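Below you'll find the structure, written out as structure tokens, and then a few comments.
Values in this text are rule-based calculations from the coordinates and carry no lab data. Just so it is clear, the structure is predicted and the values come from calculations on it, not from any experiment. Positions of Cβ are generated from backbone atoms using ideal geometry, with glycine treated the same way; all protein chains shown enter the neighbour counts.
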């Protein structure tokens, strides 16, 4: 149980987005959100309309930050309190990461996350306690602007010392976001309300340390913070309160300081306040009550775009192609410039280059880059990518799929060495070839190659928790701190609305509404293990001759002729239809009763996400990221029969036709109310988890973080 406390002052537009990010990340954590509004006039009532569960208290006047926070702290009872500014946005995994950390470290009173600006640059949210010199060498003082790398300011900002992964004990962390242990708060007390705004967080952390508790900067958890949205409403007053609070903090912890030094500190603060007012061009317009403040505009240079060279081996039908299309066309064009490079697909594979048909981001095609390993051709690919890199001069090279990942990462290594550059390398594992694709010897070789490549890669992206664990613990490809879990994202609208297409695909098949339609969608290649599907069909038909059922295979590939021959040999042709590729696959989902997937190895299968969004029940083998999609087991009795009923779907054993047959039989005969509830959970899950907007934000944030040091 957690209490989330937010103090708002005329930042309601930001607050709505903040609340949306909170509820998107809670992942079932029981939480109470307390909002203390300090007399806002920008439509605070909208909060109740959009988020009725929030507990909103409206103060008639601006009580100040500390006093308003204390009002909420005294109402809550949860063991943890998350203090958050309204102009903040919670990033994925925040609550899970930081609350787990607090649970494991009972000596910590306050933990502060990594805080980023909207452009991805790092805020100095972890700091040392101020000294008298801080009055002159603060982050935004005139002296710091003239001497930005002075040792006084650097010593005060501890954030830059963090490696971005490990927790770090610090003097204090920013009140823009901090997680507080209530037990420590009860021992030390709430905020000192003499601080109207600013420095109350430093004072609180100081009191925690004095009380025997610890304050820690924990960069694994992350938020984005728009600095000073509330304070900008009363800019002159906020500047005055800032300097007033600095002196209050100094006097509180230096009571025995000689009066002459106190006067010098006060004079320094007064001088600094005056210089800030002059430098920022603040003028006060006095008129009616509630005088408005105007800031003279200051011209800012246009920020440089981050250039991303993206490579994928081929744009064949499947999740990776959809993924790179979204990333190539969807990133913020004001901040990013992307060039997509692809190889050639084989004649037997479905082609998804049509995705770029109406796009201005046409992919650059390298005819030499193909799936098969051909050393002379691969050397030429490296040469071609090297030429492209010299011409495009990217800041980041992001690779997808094994072949593109190998050739491009070798190329960037050479490019950085020859030209003394620091091009960042990101590689996404959409799946892996370590199991089910090759012989044991070849698989071992590929594992060794990936371990080598991982050393020269700045960030490795895993698309599911299971895949991340495999890369770290099972195959030891890279340490945990180098791997970022970023789930896939899709344009789910065609699948969420596909019910409007119901009946059209059945009409093409020549079957009526009474026929149960079971489909399998994907490439016809060995790793997809379609033979298991057909063996399960035989068992199902033998056990259920009275059921009117049709099985449809959507897709194409190198194994099609072999699989069609197998169906003929097993007398399944009357029950199985090979349909080939279909561009508008939502037409298929609109009429499916069940989606099956029988792969020997998977990353995060697109077909399952599409089926869940289309409200189609799913049964699949327990491999790769499929387990994450299906959720936790909910029916222990099914385990005895050889399959697993989960929160959002059914899992069969890997390469076990009988397990799949029993799971199919269960789905067909299952109570419709139970099935509808599971389908609804699955649909809600993928909508909240796999929207393209979330993917784009995650990738933009990652790129910005990589470029923080380069673009300063």
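Please report the orientation-averaged projected area of the range 26-79, defined via the convex hull of its C-alpha atoms, in nm². Working shown, then result.
On the way: hull surface 18.0 nm².
For the range 26-79, the mean projected area of the Cα convex hull comes to 4.5 nm².
When each of 368, 473, 36, 485 is scored by the number of other beta-carbon atoms lying within 10 Å, the sequence from fewest to most is 473, 485, 368, 36. Remark: spin-label model distance residue 647-residue 584 equals 3.5 nm, labels positioned 7 Å along the Cα→Cβ axis. With the cut-off at under 12 Å, measuring from each backbone N in the range 552-582 to a point 7 Å along the Cα-to-Cβ line of residue 354 picks out 581-582. With 0.36 nm allotted per residue and the present C-alpha distance subtracted, the residue 491-residue 346 stretch has 49.6 nm of extension available. If r is the Cβ-Cβ distance from residue 449 to residue 574 and R0 is 51 Å, what FRET efficiency results, to the nearest 0.05? The computed FRET efficiency comes out at 0.65.
If a spin label sat at a point 7 angstrom from the Cα of residue 499 along the line to its beta carbon, the backbone N atoms of the range 565-605 nearer than 20 Å would be those of 585-595.
The equivalent ellipsoid that matches the C-alpha gyration tensor of the range 2-228 spans semi-axes of 27, 20, 18 angstrom, in descending order. The length gained by stretching the chain between residue 565 and residue 186 to full extension, at 0.36 nm per residue less their Cα-Cα distance, is 129.1 nm.
Looking only at the range 650-676, which residues have a backbone nitrogen under 12 Å from a spot 7 Å from the Cα of residue 538 in the C-beta direction? Under 12 Å, as judged by backbone N against the label point of residue 538, lie 657-658 of the range 650-676. Put simply, the convex hull of the Cα atoms in the range 475-531 casts, on average, a shadow of 7.6 nm².
Put a dot 7 Å past the Cα of residue 50, heading toward its Cβ, do the same for residue 129, and the two dots end up 4.0 nm apart.
Quick check on the range 493-690: take the gyration tensor over C-alpha atoms, sort the square-rooted eigenvalues as a ≥ b ≥ c, and tell me if it's rounded (a/c under 1.5), prolate or oblate. Judged from the Cα gyration tensor, the range 493-690 comes out rounded (a/c under 1.5). Here is the tail figure for the range 361-500: Cα pairs spaced more than 25 Å apart come to 35 percent of all pairs.
For the pair residue 105 and residue 593, what calculated FRET efficiency results from E = 1/(1 + (r/R0)^6), where r is the Cβ-Cβ distance and R0 = 51 Å, to the nearest 0.05? Write out the running numbers ahead of the final one.
Details: r = 50 Å, r/R0 = 0.97.
According to the calculation, E is roughly 0.55.
Taking other C-beta atoms within 10 Å as the exposure proxy, 173, 687 rank 687, 173 from fewest upward. Projecting label points 7 angstrom from Cα along Cα→Cβ for residue 61 and residue 673 puts them 5.8 nm apart.
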